[in-house]
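K.L.:
First the structure, which I've put down as C-alpha cells, then a few questions once you've had a look.
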Amino acid sequence: MPIPPLYGHEGIRYRLAGAIASGRLPQALLFEGPPGVGKQRLALWLAQAMVCEGAGNPKGLPDGRGKGETGRGEPCGKCQPCKLVLSLSHPDVHWFVPLELSKKGGDADKQVELVEEALGEEMAARRQQPLYQPPSGLASHGIAAVRLLLRRLVLTPVLGRRKVFLIGDAERLVPQTGAEAAANALLKALEEPPADTAFILTTAAPDSLLPTIGSRVVRVRVARLADSIVAVFAQQELGITGQRELTQRVALADGRIGRLLADGDGRARGADAAEGFLAAVEAGPVRRYEFALGLQPFQARGGFADMLDGLLERLRERARAGGETEKVVEAIARVLEARGLAQGNVNPQLVAAVLADDLGGGEPA
C-alpha cells in the first residue's frame, strides 16, 4: 500500500521545490530535527519531486528544467515515478535505514548480500505497514551497507536521469577498523556526488555524526509540527476520533507524528527497566544479582531487549552531554555486546549478571 501523505512542513517544502525549479538544489542535504518529526517522510517527498515526470519534466531532468505539473518543482503525484516512490518501489530511489541483522556473513561480499536481503525485507514490510516503528537500539548502518550503497552509486538510472539516496538515522553510520577505504569512498561521494546522483541524510543527533560527513552536506532544520497538524494525522491516518484520547495523544506527541506511531508501552517499560538496572548496578553486587535473577529466563526478544535498548538510549544521552566520555563509550560497547548475546540462546539472567558486573567495576560479591 502507498505510504501516507506528508503532513506539514510547508515552508521547507516551498523552499525545496523552488530550489528544484531553479536548478539550485544541493546534491547532498542533511535533514536534522527531533525524533519522529517526519524527516524521512520529507526526504521521500523530495525524492519524489526529483524523479517526477509530470508536465514539464518528462525525464526527471536534474538541471532545473523539470518543474512538474505545478510549475514549482513539486511532485505531481500522478505519474509512474511518483507512484513508485509512494509504494517504495522506484528503482532509482534507494532508501537505506539502520538494520539489525539476524544472520552473520563470512566474507565482505556475503555481508553485502545479507544487508541487501535485509534491506529488501524491511522495505517490503514498510510497504505492507507504512506506519513503521523506530529502529531498535542495536540497528546501524554497518560497513556492508556502505559497500552496498557504493555499488548502487555507479549504476545507471533505470527510469530517468537521476538517482536519489536516502540515508535515515545517519548518526548510526558505524566506522569500522580495516574498512577505511569504503568509508572514505562514501565521504568522497558526498563531497563530489556523480552528476546524476543526490543524497538526503536525516538525523535526530547531528552532533553524533562523523565530523567529515557534517562538513559535506547542506543542513536543513526540520522543526516540530503544530498540534493541529498532528491531530489531523491522528484522525485521518490512525482513526482516532474520541476527543479525550485525541487530546492526550497529541499532547504526548509534542509536535512529532512519529511519537504517535512508536511502541510507547515497550519503550516506556524499557526505560523503567533500565533505570532499575542502573540503580541495582550502583547498589552493589548483591542487589545486581537479585535484579538479574528476577528477569524472566529466555525473554531476550521481549522485555530484556527493551531494557538493553533503554540502557543504550541513556548512555547515548550521557555521551552527547559530554564528561567521562571514555567510560561511557566503554559502557555502550558492553551493552552492545550484551544485546548481541541476547539475540541468541544465552540466558538473559546470565547476560544481565555479567553486564552488571562490567558496568559496576566487577567487584566480587
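K.L.:
Consider Pro175 against the criteria (1) surrounded by fewer than 19 Cβ atoms within 10 Å (Cβ to Cβ); (2) of a type outside the set (Phe, Trp, Tyr); (3) under 25 Å from Leu16 (Cβ atoms); (4) at pLDDT below 90: it satisfies all of them except one. Which criterion is unmet?
P.N.:
Status for Pro175: all satisfied but (3).
K.L.:
Can you tell me which residue within region 148-170, out of those that are modelled with pLDDT under 90 and buried (at least 21 other Cβ atoms within 10 Å of the Cβ), is nearest to Arg219 (Cα to Cα)?
P.N.:
Ranking the candidates gives Ala170 first.
K.L.:
Of all the residues that make up region 1-29, how many are in a loop (DSSP other than H, G, I, E, B), small (Gly, Ala, Ser) and loosely packed, with under 13 Cβ neighbours inside 10 Å?
P.N.:
So the count comes out to 0.
The values are calculated or read from the model by the stated rules, or taken from the named source; none is laboratory data. Predicted model, so just to flag it, every value in this text is computed and none were measured. Note that we place each Cβ from the backbone using ideal geometry, even for glycine, and neighbour counts take in every protein chain shown.
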